[in-house]
Structure formats: C-alpha cells, structure tokens
Amino acid sequence: MKVPFVSFLPMERELNNELKGAFERVFSASWYIEGKEDEAFENAFAKYIGTKYCVGVGNGLDALMISLKALGIGAGDEVIVPSNTYIATALAVSYVGATPVLVEPDIRTFNINPEKIENAITSSTKAIIPVHLYGQPCDMDPIMSIAQKYDLKVIEDCAQAHGAKYKGQNIGTFGQLACFSFYPGKNLGALGDAGAVVTNDIELASKVRAYGNYGSDYKYHHVLKGHNSRLDELQAAFLLAKLPYLDKMNNERRKIAQRYLEQIDNTKIILPFVPEYASPVWHIFGIRSEKREKLEQHLNSNGIGTNKHYPIPIHLQECYKDLGLQVGDLPISEEISSTELSLPLYYGMKDEEIQFVIDAINEW
C-alpha cells in the first residue's frame, strides 16, 4: 500500500462542481482583481473567524509583513517570535526593518512558551507574534497579559490553524491583528497563493488594505509607500466555495489525529500533547523520535510519505547569521528540529490507510 504524506484529490473530487462553478463565475464576469468574489469571501471569512473585518492579500508572508507596517513597526524595533516556526514569521519582521527576537517553545506543544517571553522584552520590543503551529493554539491568556503589561501589540500567525479554538474562542480574535495563509496545503487552501488579515479595528483594516494596494486609499491617490499584494478574484472564489466545508474537513482531521493518539503504541515515539485549553485542527501531526532518520526510512520504505517541520531551526539558517546565535543557544528548538517527523494526515484518508500507518509505526 502507498500512503502519500498529503493528497488533495479526495477534497477536489468532492468539491469538483463547486470549484468549477467558482471558476465559471469569475471567468464569466471578466473581473479579476478587487471584485465581488473578494468582497464576498472577506465578509464570509470575517464572520467565520468572528472579527469585524477581513482584508485579502497575496499570501501569508505578506499578511504578516503588512500587519507589522500597519502597526508602525520598523527599523530599530524588536518583535518577539517563536524560535520554532516556519521562517516566514521571522522574515516578515526582517522585511519591515525590525529585528526578530527568538523565544523558545514549550517542548510538549511546540508553541512559544509564555514563561520565556518576559525575559526577552527590552525597551525596543514593540510586538509579539504567537504562531499557532501545526494547528495547535498557543496559550493566549498569559501572552495577552504580558502584552498588556508591557503595552505590546499582538499579531497572531494563524497560517496553520484555520478554525482552531483556545478555550472555546476562535484563534485570530485575540490580537490586534491576525494573519492567515491560504497556501494550497493549508486546512483552508486556495488553488495558488493567497492570504488574509483579520481585525476588529477599522483603522488597522484600512491601513492593511492600503498597504496591499500600492499604498492607495482610492485610485491613483497614494497615502503610503505600499505593495502589490491583493487577493485576486479567482482565488477568492475558490476559497469562498471551500469555506462552508472547512469545519467538516477539520473534524475529519481531528478524527484521524485521535486514532493516531489512541492507537500508536511505541515507546520510541513521543506523541503530540494537547492541553485542556486547546481545540486543534491538526494541520500537521508531528511526532518525535530520537531515531527519527531510521523511523523515516522505515516508513518511506513501506510506502508511507513523511515530512519534517522543520529540519533546520531559524537561528541556524544561513540567512539569520546576523542574529549571532550558535548551535546550543536555543536547545529546545534544536531538539524539536532534530526529532520531529510529520505523519500523513489529510481530508479523505481511508480507514485502511490510517491503520497502515499506525501498524507500521507500532511494528518499528
């Protein structure tokens, strides 16, 4: 049996008519940027998340960068980001001229450890970007308390956590701004690059929209030095077609994850930890093993696809040598990077495929 790490085919087959209909609407309207589909999706997604405003942008990285700019963060400022995350979170900070300050995660959840944030705050700190990694919500209460204590802004990075909840509240509704990626592999994915920023602040929403549209508040009038980062009509239409099915798809991911949690029984494997406050959506199901390479080889040789999120931590990437960090400086992130292995988990996985993965791990 072959089990790919991810497959979009079950979802695409199920939504074939909806996706083709979305394309036909856009093509027939002959309007491709800032039209009715974009407006409809923004309204629907804001309602789904529980915010007043949603602004579509070109991708998740742009969402983070533009959000930082909308908050006035730039050269000379510092922004606290998790040391264990995809590099886009740090790149966004760098792109606005600020410095990313890396804070270690909780080894159990892989998310930023609130207990370590306060020691990283300086007079230059302006914001915190908690990342809801792998679809697992961060511990937001202490993060928001610290932000309030030091008058810091919070931008939630929700790129992997569409629909996740913290203590029953949707992620994306805690910070001043929250950023989403709709990269095709996300729980809510476009058929290309796309992203969005959500907020309850109309002034911030207006700034985000202007920054993404060449700094323009109306045609040929530019109030900011902006960018070209807009959610095009076609991707908005695809997302609008898929959004009503997001909860259904997330629930199936939860069921698959629960089977993994209950049935994987191998002492050489460390399973994900789910705190009581968390309702994750399992964008990634990441296990850990001290013998990861051998486990990966075993699974791959049995036709099971895997991935690593992420094999080189940010502080050891060549592009971030300027941070001056060395091997051993962030040991928890290094531990996760050297031991994490992501298992197949996607909407439409068959029961026998799930069992095949479980059996292969248990027999290793």
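The values are calculated or read from the model by the stated rules, or taken from the named source; none is laboratory data. In this text, all values refer to a predicted model and were calculated from it rather than measured experimentally. Neighbour counts run over all protein chains shown; Cβ positions are idealised from the backbone, glycine included. What goes into the accessible areas is simple: the full protein's heavy atoms, side chains included, and nothing from ligands, DNA or RNA. Shrake-Rupley method; radii C 1.70, N 1.55, O 1.52, S 1.80 Å.
Which of the residues spanning region 70-92 are more than 11 Å from the chain's Cα centre (by Cα), of a type outside the set (Gly, Ala, Ser) and surrounded by fewer than 24 Cβ atoms within 10 Å (Cβ to Cβ)? Before the answer, list the steps.
If we filter region 70-92 for residues that are more than 11 Å from the chain's Cα centre (by Cα), which is where we start, we get 70-84, 87, 90-92.
Narrowing the set further to residues that are of a type outside the set (Gly, Ala, Ser) leaves 71, 73, 77-82, 84, 87, 91.
Residues satisfying the conditions are LEU71, ILE73, ASP77, GLU78, ILE87, LEU91.
Being within 30 Å of TYR48 (Cβ to Cβ) and in a helix (DSSP H, G or I) is a description that does not apply to TYR320.
The number of residues in region 206-223 being touching a residue at least 60 places away in the same chain (Cβ under 8 Å) and open to solvent by 10 Å² or more (accessible area, probe 1.4 Å) comes to 4. Cβ separations smaller than 8 Å between residues 6+ apart or across chains give the following pairs from region 1-26 residues that are farther than 23 Å from GLY305 by Cβ to residues that are open to solvent by 40 Å² or more (accessible area, probe 1.4 Å) and in a helix (DSSP H, G or I): LEU19/GLU12; ALA22/LEU234; ALA22/LEU240; PHE23/LEU234; VAL26/LEU234.
Which ones in region 339-362 are part of a helix (DSSP H, G or I), of a type outside the set (A, V, I, L, M, F, W, C), within 16 Å of ILE269 (Cα to Cα) and touching a residue at least 12 places away in the same chain (Cβ under 8 Å)?
Taking region 339-362 first, the residues part of a helix (DSSP H, G or I) are 339, 351-362.
Imposing the further condition that a residue be of a type outside the set (A, V, I, L, M, F, W, C) reduces the set to 339, 351-353, 355, 359, 362.
Next, only the ones that are within 16 Å of ILE269 (Cα to Cα) stay: 339, 359, 362.
Correct list: THR339, ASN362.
Of the residues making up region 281-311, those that are assigned to a loop (DSSP other than H, G, I, E, B), more than 16 Å from VAL81 (Cα to Cα) and not small (Gly, Ala, Ser) are VAL281, TRP282, HIS283, ILE284, GLU290, LYS291, ASN302, THR306, LYS308, HIS309, PRO311. Inclusion of ASN228 among residues that are at pLDDT 95 or above, under 14 Å from ASP62 (Cα atoms), out of contact with any strand residue (DSSP E or B) (no Cβ under 7 Å at 6 or more places or on another chain) and polar (S, T, N, Q) is warranted. Considering ALA159, ALA120, the condition of being touching a strand residue (DSSP E or B) at 6+ places or on another chain (Cβ under 8 Å), closer than 20 Å to ILE87 by Cα, surrounded by fewer than 22 Cβ atoms within 10 Å (Cβ to Cβ) and not β-branched (Val, Ile, Thr) is satisfied by ALA120 alone. The set of residues in region 289-328 that are surrounded by fewer than 18 Cβ atoms within 10 Å (Cβ to Cβ), small (Gly, Ala, Ser) and within 20 Å of ASN362 (Cβ to Cβ) comprises SER301, GLY303, GLY305.
When we screen GLY76, GLY72, GLY97 for residues that are out of contact with any strand residue (DSSP E or B) (no Cβ under 9 Å at 6 or more places or on another chain), under 18 Å from LYS126 (Cα atoms), assigned to a loop (DSSP other than H, G, I, E, B) and not β-branched (Val, Ile, Thr), the only hit is GLY97. So, VAL208, is that one touching a strand residue (DSSP E or B) at 6+ places or on another chain (Cβ under 7 Å) and modelled with pLDDT of 95 or more or not? For VAL208, the condition - touching a strand residue (DSSP E or B) at 6+ places or on another chain (Cβ under 7 Å) and modelled with pLDDT of 95 or more - is met.
Among the residues of region 93-103, write down those that are touching a Pro at 6+ places or on another chain (Cβ under 8 Å) and either modelled with pLDDT under 95 or open to solvent by 20 Å² or more (accessible area, probe 1.4 Å) (or both).
The first filter runs over region 93-103 and keeps only residues touching a Pro at 6+ places or on another chain (Cβ under 8 Å), leaving 93-94, 102-103.
Matches in region 93-103: SER94, LEU102.
Go through region 250-298 and report how many residues are among the charged types (D, E, K, R) and farther than 11 Å from GLU340 by Cα.
We begin by selecting, within region 250-298, every residue among the charged types (D, E, K, R); these are 252-255, 259, 262, 265, 268, 276, 288, 290-294, 296.
The next check asks that each one be farther than 11 Å from GLU340 by Cα; those that pass are 252-255, 259, 262, 265, 268, 276, 294.
The total comes to 10.
Scan region 186-196 and give yes if some residue there is modelled with pLDDT of 95 or more, open to solvent by 50 Å² or more (accessible area, probe 1.4 Å) and within 23 Å of ALA40 (Cα to Cα), otherwise no. Checked against the condition, which is being modelled with pLDDT of 95 or more, open to solvent by 50 Å² or more (accessible area, probe 1.4 Å) and within 23 Å of ALA40 (Cα to Cα), region 186-196 yields at least one hit.
Considering only region 141-148, I want to know if a residue exists there that is touching a helix residue (DSSP H, G or I) at 6+ places or on another chain (Cβ under 9 Å), β-branched (Val, Ile, Thr), in contact (Cβ under 8 Å) with a residue 24 or more places away in the chain and crowded, with 22+ Cβ neighbours inside 10 Å. Yes, that holds for at least one residue.
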